[in-house]
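**Student:** Okay, handing you the structure first.
The values are calculated or read from the model by the stated rules, or taken from the named source; none is laboratory data. Because the structure is a prediction, the values reported are computed rather than measured. Reconstructed Cβ throughout: ideal geometry from the backbone, glycine too, with neighbour counts over all protein chains shown. Surface accessibility is based on the protein's heavy atoms, side chains included, excluding ligands, DNA and RNA. Shrake-Rupley method; radii C 1.70, N 1.55, O 1.52, S 1.80 Å.
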Amino acid sequence: MTDIQQLKEWLAACKHNIFLGGAGVSTASGIPDFRSAHGLYMEKKQGISYEEMLSHDYYVHHRAEFYDFLRNVMLYPNAKPNPAHFALAKLEQEGRLEAVITQNIDGLHQMAGSKNVIELHGNEDRYLCQTCGRQYNMRYVMDCKGVPECACGGQLKPDVVLYGEQLNQRDLIRAIGYAQDAGLMIVGGTSLVVYPVAGLVTYVSPKAKLVIINRDPTPYDHRASLIIREDLAEVLAKAAGL
């Protein structure tokens, strides 16, 4: 039995199946992982790490540079879902997947048709006025010059979790609940080194199946029931029958 056949069998046999994904889910959509993307930008911004430029402190004290970095590196308004996103949406529609838990902020899971998506790091298509609460989208921010402002004159902040900020506790608790109940957790496109998201793997029951699909080893490979080093989009597409 091949690895993909095994995965398909577990998807059919297990109950409460969930998917935990990271940046590798969206690379086939033309969105590089943060470190790769920032590598291009560092030619102009030597000495400043991407963590610093995406931090709450940098947003507060260097707002113009923050938005410049956002527009030039982090935002991909023309990105479309790839086979991985469509495969997960199909599995959910067929009752073989309960939830997608993602670290990504690109909204491509919803664009592909997934309904139950927990966005632990927020969504780059939402910007909230810190004065009146009005919401704006990515296109508005892309079209603005300099620091975007609300019609009321208030400052806009992306509805994403910046470095130095806590995750939305309600979303994190929901994700933990799904992990605890999972009969199968598929982890894809993430190195499992960013916490507290990586820690979700520890909530999976020893009786459950843990499948890790990632190009590189992770700290949790020893816990996995199955490890697949093949292309994530291809594996999920085949497992979903696309």
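**Student:** On a full-extension model of 0.36 nm per residue, what is the gain between Val193 and Cys132, subtracting their alpha-carbon distance, rounded to one decimal in nm?
**Tutor:** Working: separation 61, 0.36 × 61 = 21.96 nm, distance 3.64 nm.
So the chain would gain 18.3 nm between Val193 and Cys132.
**Student:** Excluding ligands and nucleic acids, what accessible area in Å² is computed for Met142 using a 1.4 Å probe, to the nearest 10?
**Tutor:** 50
**Student:** Moving to a separate point now. Where only protein heavy atoms count, and the probe is 1.4 Å, what is the accessible area per residue for the chain in Å²?
**Tutor:** Values: 11660 Å² over 242 residues.
Here the residues of the chain average 48 Å² of exposed surface.
**Student:** Now for a separate question. Most mobile of Gln166, Gln103, Gln180 per a Gaussian network model of the chain (Cα springs, under 10 Å)?
**Tutor:** The residue that fluctuates most here is Gln166.
**Student:** In terms of solvent-accessible area of protein heavy atoms at a 1.4 angstrom probe, what is the ranking of His56, His121, highest value first?
**Tutor:** The most accessible residue leads, giving His56, His121.
**Student:** What is the projected area of the convex hull of the Cα atoms of the stretch 108-214, averaged over all directions, in nm²? Each step should come with its number before you reach the end.
**Tutor:** On the way: hull surface 34.3 nm².
Its average projected convex-hull area is 8.6 nm².
**Student:** Here's a follow-up. Keeping all protein chains in position, work out how much accessible area Val161 exposes to a 1.4 Å probe, and write it in Å² to the nearest 10.
**Tutor:** 40
**Student:** Work out the length of the dipole vector of the chain about its Cα centre, built from +1 on the beta-carbon of each Lys and Arg and -1 on the beta-carbon of each Asp and Glu, and round it to the nearest 20 debye.
**Tutor:** So the magnitude is around 380 debye.
**Student:** Out of the trypsin sites (Lys or Arg not before Pro) in the stretch 147-242, which ones are loop residues according to DSSP with at most 15 other C-beta atoms within 10 Å?
**Tutor:** Working: sites: Arg170, Arg174, Lys207, Lys209, Arg215, Arg223, Arg229, Lys238; in loops: Lys207, Arg215, Arg229.
Within the stretch 147-242, the qualifying trypsin sites (Lys or Arg not before Pro) (loop, at most 15 other Cβ atoms within 10 Å) are Lys207, Arg215, Arg229.
**Student:** Let me ask you something else. Which FRET efficiency value, to the nearest 0.05, do you get for Ala13 and Gln166 by plugging their Cβ-Cβ distance into 1/(1 + (r/R0)^6) with R0 = 45 Å?
**Tutor:** FRET efficiency, Ala13 to Gln166: 0.75.
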